[in-house]
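Visitor: I am attaching a structure below and will ask some questions about it afterwards.
The values are calculated or read from the model by the stated rules, or taken from the named source; none is laboratory data. These figures come from a predicted structure and were not determined experimentally. Don't worry about glycine lacking a Cβ; one is built from the backbone with ideal geometry, like all the others, and counts go over all protein chains shown.
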Amino acid sequence: MLRTVRELFLCELYTLTLKSGTVLRYTDGPQDLTVGGHTYLSTFGDTIPGFVRQSIEQAVGVKVETCQVDMIYNRNTLILGLTPGAFAAAGGFDDATISIDTLLTPSLNDVSRGSINAFSGIITDVEPDANRLTLTCSSGMLYLAGQFPRNYFLPSCEHALYDAGCTLNPATFTVTSVAVTSATAKQITAASLAQASGYFALGWITMRSGANNGLIRSVRGFASGVLDLLYPFPVAPAPGDLFDATPGCDKTETGANGCPKFSNLPHFRGFPFVPTPETIALGSNAGSPTDNGGAGAGFGNGGVARGVGGQPQNFKQQ
């Protein structure tokens, strides 16, 4: 092609696949292009976002390749009925993937030679600015950067409360339609809550009436019928407002607010008997040896040996 054609058009094709499965296709070419049976909308249109990408970092091996793409728009630009800024704020690009392909052709009406993929990856971050979104993209190698193994040997339970591994149903333990007798924006007192101290800690409440109807807040502490919330409500609940209270779990095996509270020990997935890390400081070999108790078996230079009789005070530094 380079031998017979003096002028070539270079266009980039952007394919964004959203979590919902919706696919958006754009091109920085001066007109809409149909490549591989798919139509790419030209960013020269007033309602189509423009794209400017930075250099693509590529490396041999398992290094995560990255690329930054600026999506430029104006007030007439829409993505599924929303401006790109509003679309991003609503989580539209969460878990989305991006593919950037390069099209080199002697004519925009001749795409028979196809395109070459320059980058494929995941949109890992979206940074908004005035009339611009900066998309930070990483290659699929990013998945290999996760912590392994999947499960850790920790004293606390690895399950999230009420998840499939925990098997509990929050509706079983939720106390519903509890009348508020007095409250502030961050603290609620309910005489009907007679559970033990800490019972609702690490859980949550859901307002069922009043000015905060439908709002949810995490519970930081609970004692004597008083719920201490992690974050305040916009408006202090009024006496008579109703809410649902769901208890939390501190993920311990024997604690009063752990698995025993829910009678769920068969599904406890913690390892409370794993030895805790300990540090032993051995002597330095920088100074001259000292003898504190006769002969004994040592550990070599810098080590410590027990002397005659096995008494703790009888050590020989070798």
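Visitor: State which residue pairs qualify: first residue modelled with pLDDT under 85 and assigned to a loop (DSSP other than H, G, I, E, B) and inside the range 174-185, second residue loosely packed, with under 15 Cβ neighbours inside 10 Å and not acidic (D, E) in any location, beta carbons under 8 Å apart, and separation of 6 or more residues or different chains.
Guide: As it stands, the answer is V180/A238; V180/P239; V180/G240; T181/A191; T181/P239, since those pairs meet every condition given.
Visitor: Next question. Taking the range 113-146 only, how many residues are more than 20 Å from the chain's Cα centre (by Cα) and either outside any strand (DSSP E or B) or not assigned by TED's automatic domain parsing to the domain that holds I79 (or both)? Steps first, please.
Guide: Our first condition is that a residue be more than 20 Å from the chain's Cα centre (by Cα); within the range 113-146, this holds for 113-120, 129-133.
Still in the list and also either outside any strand (DSSP E or B) or not assigned by TED's automatic domain parsing to the domain that holds I79 (or both): 113-114, 130-131.
Result for the range 113-146: 4.
Visitor: Same structure again: In the set I188, I205, which member is touching a Lys or Arg at 6+ places or on another chain (Cβ under 7 Å), surrounded by 14 or more Cβ atoms within 10 Å (Cβ to Cβ), of a type in the set (A, V, I, L, M, F, W, C) and without any contact (Cβ under 8 Å) to a residue 60 or more places away in the chain? Write out each step before concluding.
Guide: On the way: I188 fails: touching a Lys or Arg at 6+ places or on another chain (Cβ under 7 Å).
That would be I205, the only listed residue that is touching a Lys or Arg at 6+ places or on another chain (Cβ under 7 Å), surrounded by 14 or more Cβ atoms within 10 Å (Cβ to Cβ), of a type in the set (A, V, I, L, M, F, W, C) and without any contact (Cβ under 8 Å) to a residue 60 or more places away in the chain.
Visitor: Given the conditions (1) outside any loop (DSSP other than H, G, I, E, B); (2) among the aliphatic types (A, V, I, L, M); (3) out of contact with any strand residue (DSSP E or B) (no Cβ under 8 Å at 6 or more places or on another chain), which single one is not true for L10?
Guide: That leaves (3) as the condition not met.
Visitor: Going through T246, T206, T167, T189 one at a time, which residue ends up being of a type in the set (S, T, Y) and touching a His at 6+ places or on another chain (Cβ under 7 Å)? Walk me through it before giving the result.
Guide: Numbers: T246 fails: touching a His at 6+ places or on another chain (Cβ under 7 Å); T206 fails: touching a His at 6+ places or on another chain (Cβ under 7 Å); T189 fails: touching a His at 6+ places or on another chain (Cβ under 7 Å).
Matching residue, one of T246, T206, T167, T189: T167.
Visitor: Give the range 82-103 a look and list any residue that's buried (at least 19 other Cβ atoms within 10 Å of the Cβ) and in a strand (DSSP E or B), or say none. Please lay out each step first, then the result.
Guide: Kept after step one, since they are buried (at least 19 other Cβ atoms within 10 Å of the Cβ), are these residues of the range 82-103: 84-85, 87-88, 92-93, 96, 98, 100-101, 103.
Hits for the range 82-103 are I98, I100, D101, L103.
Visitor: Here is a follow-up. Within the bounds of the range 104-112, is there any residue that is in a strand (DSSP E or B) and more than 28 Å from G37 (Cβ to Cβ)? Before you say what the answer is, go through the steps one by one.
Guide: Keep residues of the range 104-112 that are in a strand (DSSP E or B), which gives 104-105, 107, 110.
So of that shortlist, the ones also more than 28 Å from G37 (Cβ to Cβ) come out as none.
No, the range 104-112 contains no residue that is in a strand (DSSP E or B) and more than 28 Å from G37 (Cβ to Cβ).
Visitor: Quickly run through the range 142-175 and pick out the residues that are among the aliphatic types (A, V, I, L, M), within 17 Å of E65 (Cα to Cα) and surrounded by fewer than 15 Cβ atoms within 10 Å (Cβ to Cβ).
Guide: Restricting attention to the range 142-175, the residues satisfying the condition of being among the aliphatic types (A, V, I, L, M) are 142, 144-145, 154, 160-161, 164, 168, 171, 175.
Cutting the leftovers down to within 17 Å of E65 (Cα to Cα) gives us 142, 144-145.
Once the filter is applied, which keeps residues that are among the aliphatic types (A, V, I, L, M), within 17 Å of E65 (Cα to Cα) and surrounded by fewer than 15 Cβ atoms within 10 Å (Cβ to Cβ), the range 142-175 yields L144, A145.
Visitor: Another question, if that's okay. So, in the range 1-35, of the ones that are buried (at least 18 other Cβ atoms within 10 Å of the Cβ) and within 16 Å of S112 (Cβ to Cβ), which residue ends up modelled with the lowest pLDDT?
Guide: G29
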